[in-house]
Amino acid sequence: MNATCVEERGCVCEYTEQSESLTLKAVRLAEGLEQSVKAIVVGADQNLGDLEMEVERQSREFQRAATQKAAQTKADLTPPVCPVCHKPLSQTSGGHERTFESRFGAIRIERKRGYCKRCKKWRFPADHALGLEETAGYSPRVQEMAALLASKMPVEEASAVMEHLTGVKMPRATMDREAKRQGERARRLREQMDEQACQGLAKAVQPEMVLEPYQMIIQMDAWNIRERDGWGQTERLRRVGQEPERWHWVYMGTCFRLNQRGKTAGGRAVISERGFVATRAGIDALRQQLHAEAMRRGLGQAAGVLVIADGAVWIWRLADDRFPQARQRLDYYHAVQHLAAVGRSLFGEDKDKLRDWLRPLVKQLKNQSAIKVIHQLEEILGTIPAGTARVEATKEINYLREHQDRMDYRTGSRRGEPIGSGAIESTCRQAQCRFKRPGQYWSQRGDEALLCLEMFWRNNRWYLLFPHNRHFDLSKN
Ligand SMILES: [Zn+2]
C-alpha cells in the first residue's frame with residue numbers, strides 16, 4: 001500500500017496497490033536472501049545445492065505473488081465475450097473468485113461471469129484466456145508437468161518426483177486423472193491432425209520440405225500390455241469363471257527419411273528426425289496413424305518407400321494395403337535367427353559346428369543373394385533323415401522361402417539403407433519399460449491416452465498441447 005497515493009488521489013487503484021506491493025516484496029526478498037545465505041556461505045558442510053534450495057524456497061512467495069498479479073490483470077482485461085461462440089455475454093457480474101494451484105503455489109483471482117444466450121451457458125471468459133480448464137484446479141504449467149511426469153513413470157512416483165523437484169503437491173489420484181485428461185486431449189488433437197494429414201493439409205505441422213529425392217523408411221512392431229477392467233469385482237468375475245486381466249497388443253510404427261540418417265563420431269547410424277506412432281486400438285488404428293504420420297514426414301514427396309519389419313503376417317498385410325508402392329524388407333537379424341534355427345536342427349547343441357556352418361551362409365545372405373542361400377538349405381534338407389529335426393528345418397526353410405523377395409540385403413547395404421528394424425525394436429523396448437512394470441495393469445482408455453501423450457513428446461510436438469513451452473526442442477536435447 002502506498003500512503004502518498006491515498007493522500008493525493010483519495011483512492012487506491014488495484015493495479016498501483018498490487019504493483020507497489022510487488023516492488024516491496026522484491027526488496028524484502030532481496031534483503032531476506034542476503035541475510036539467510038550468509039549462514040550457508042560460511043557453513044563448511046553446505047554447498048551450492050543449499051544455496052539453490054534456499055533461494056528457491058524464499059523466492060517462491062514472490063513468484064507466486066507476481067504470477068497472481070499478472071493473472072488478475074489478464075482476467076480484468078478479458079472482454080465479456082463467449083469464448084466458444086464469440087457473442088457478447090449478458091447479465092455480466094464481477095468478483096467471482098477462483099483459486100487454483102500454479103507452479104509457485106495457490107493463486108486466487110476474481111473474474112467476470114456472463115450468460116451466453118446462444119450457447120445457453122454461464123461463461124467465465126477469463127478462465128479461457130488464462131488456460132484454466134473448467135473443472136481442474138491447476139494452471140497450464142502444472143497440467144503440463146502432471147502430463148509429462150505421469151507419461152514417463154507410474155503416478156505414485158510421478159507425484160513424489162513433482163513435489164521433490166518443484167514443490168508442487170498433487171495427490172496421486174488427481175495426477176492420474178489429470179494425466180488421462182491431458183492424454184484424451186492429445187488423442188483428440190491427434191485425430192484432427194491425422195485427418196488433415198490424410199487430406200494433404202499437414203504443412204502447418206512440418207513446414208520445411210527438403211526437395212532432394214529421398215527414400216522413406218517405415219518400420220513396425222508390436223508388444224503386449226497387461227490390462228484389466230472390473231476393478232473391485234475380481235471375486236464376482238472369478239465366480240463366473242472370468243479373469244479381470246487380459247493381454248493386449250500395443251502396435252508401434254516409426255518412419256523417417258533416409259537423408260535424415262547421419263552418423264555419430266563412432267560411425268553408428270543415427271536418425272535425427274523420426275516420426276512415431278503407438279496405439280493399442282488395433283491394427284486398423286495403426287494403419288491410419290502410421291499413414292498420417294508418414295504423410296506429415298513427407299511420404300507424398302518420397303522417391304521411394306521401404307518397409308522393414310520382422311516376419312509377422314499382419315505387418316506385411318498392412319504394408320500391402322496402406323503402402324502398396326513400398327519395397328519390403330525382412331529384418332536381417334530375424335532372417336539370421338531363422339537360418340540359425342535350420343543349423344540347430346542339423347547340429348543340435350554342438351555350438352562349434354553350428355558356428356562354422358552358419359558363418360559362410362550369413363555372409364552370403366548379407367553380401368550375395370538370399371535365393372542362393374535357400375537353395376543350399378534345400379539341398380541340405382534332403383540329407384536330414386525323417387523326424388523332428390527334418391520337420392523343424394522344413395518349417396524354417398519355408399519361412400525363409402516365403403520372405404525371399406524381402407531379403408535383398410546386398411542392394412540395401414549398397415544404397416546405405418538400413419537392413420534391420422532395430423529402430424522400431426528399440427522404441428518398443430523403451431515403451432515397455434514404462435508400460436510393462438511388474439504388477440502394473442492398464443485400462444484400455446488409460447493406455448491409449450498415455451501412449452498418445454508419449455508420442456506427442458517423442459514426435460517433438462509437445463508444444464502443440466502446451467504452447468506455453470513452445471521453445472523447448474526435443475531434437476536439440
Ligand atoms: Zn456462446
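The values are calculated or read from the model by the stated rules, or taken from the named source; none is laboratory data. These numbers were taken from a predicted model, which means no experiment stands behind them. Ideal geometry is used to build each Cβ from the backbone, glycine not excepted, and the neighbour counts take in all protein chains shown. For the accessible areas, the whole protein counts, side chains as well, though only heavy atoms, and no ligand, DNA or RNA atoms are used. Shrake-Rupley method; radii C 1.70, N 1.55, O 1.52, S 1.80 Å.
How large is Rg over Rh for the range 12-164, taking Rg from the Cα atoms and Rh as the Kirkwood inverse mean of 1/r across Cα pairs?
Working: Rg = 19.9 Å, Rh = 18.2 Å.
Using Cα coordinates only, the ratio equals 1.09.
Expressed as a whole percent, the proportion of Cα-Cα pairs in the range 71-134 lying more than 14 Å apart is 52%. Across the range 264-355, the convex hull enclosing all Cα atoms gives 168 Å³ per residue.
Output the direction-averaged projected area (hull surface divided by four) of the convex hull of the alpha-carbon atoms of the range 354-477, in nm².
Working: hull surface 53.8 nm².
Spelled out: convex hull of the Cα atoms, projected over all directions, averaged, 13.4 nm².
In terms of the mean number of neighbouring beta-carbon atoms within 10 Å, the peptides 53-60, 70-77, 333-340, 417-424 order highest first as 417-424, 333-340, 70-77, 53-60. Among the protein heavy atoms of the range 46-154, carbon and sulfur supply 53% of the accessible surface, probe 1.4 Å, non-protein parts ignored.
In this rough spin-label picture, where each label sits 7 Å from Cα along the Cβ direction, the Ala341-Glu31 distance is 7.9 nm. How much FRET efficiency would the formula 1/(1 + (r/R0)^6) give for Val55 and Arg470, where r is the Cβ-Cβ distance and R0 is 35 Å, rounded to 0.05? Result of the calculation: an efficiency of 0.80.
Per-peptide packing, taken as the mean over residues of other Cβ atoms within 10 Å, places 38-47, 458-467 in the sequence 458-467, 38-47 from highest down.
Ranked from highest to lowest mean number of other Cβ atoms within 10 Å per residue, what is the order of the peptides 158-168, 301-311, 346-356? Show your work: numbers first, answer last.
Details: 158-168: 15.7, 301-311: 19.5, 346-356: 12.8.
The packing order, highest mean first, is 301-311, 158-168, 346-356.
Our summary of shape: the Cα atoms of the range 380-419 have principal axis extents of 42, 15, 13 Å, ordered from largest down, in whole angstrom. The equivalent ellipsoid of the range 115-177 has semi-axes of 30, 11, 9 Å, largest first, where each one is the square root of 5 times an eigenvalue of the Cα gyration tensor.
Computed over every Cα-Cα pair of the range 368-439 and binned at 10 Å starting from 0, the pair-distance distribution P(r) comes out as 16, 29, 25, 23, 8 percent.
First obtain the Kirkwood hydrodynamic radius of the range 276-418 from its Cα pairs, then insert it into the Stokes-Einstein equation at 25 °C and 0.890 mPa s, and state the resulting D in µm² per second as a whole number. After rounding, the answer is 145 µm²/s. Rounded to the nearest Hz, the phi-derived 3J(HN,Hα) couplings of the range 370-380 under the Karplus curve 6.51 cos²θ - 1.76 cosθ + 1.60 (θ = phi - 60°) are 5, 4, 4, 4, 4, 4, 5, 5, 5, 5, 4, where x marks glycine and proline. Placing a pseudo-label 7 Å from each Cα along the Cα-to-Cβ vector at Lys372 and Thr23 gives an inter-label distance of 8.5 nm.
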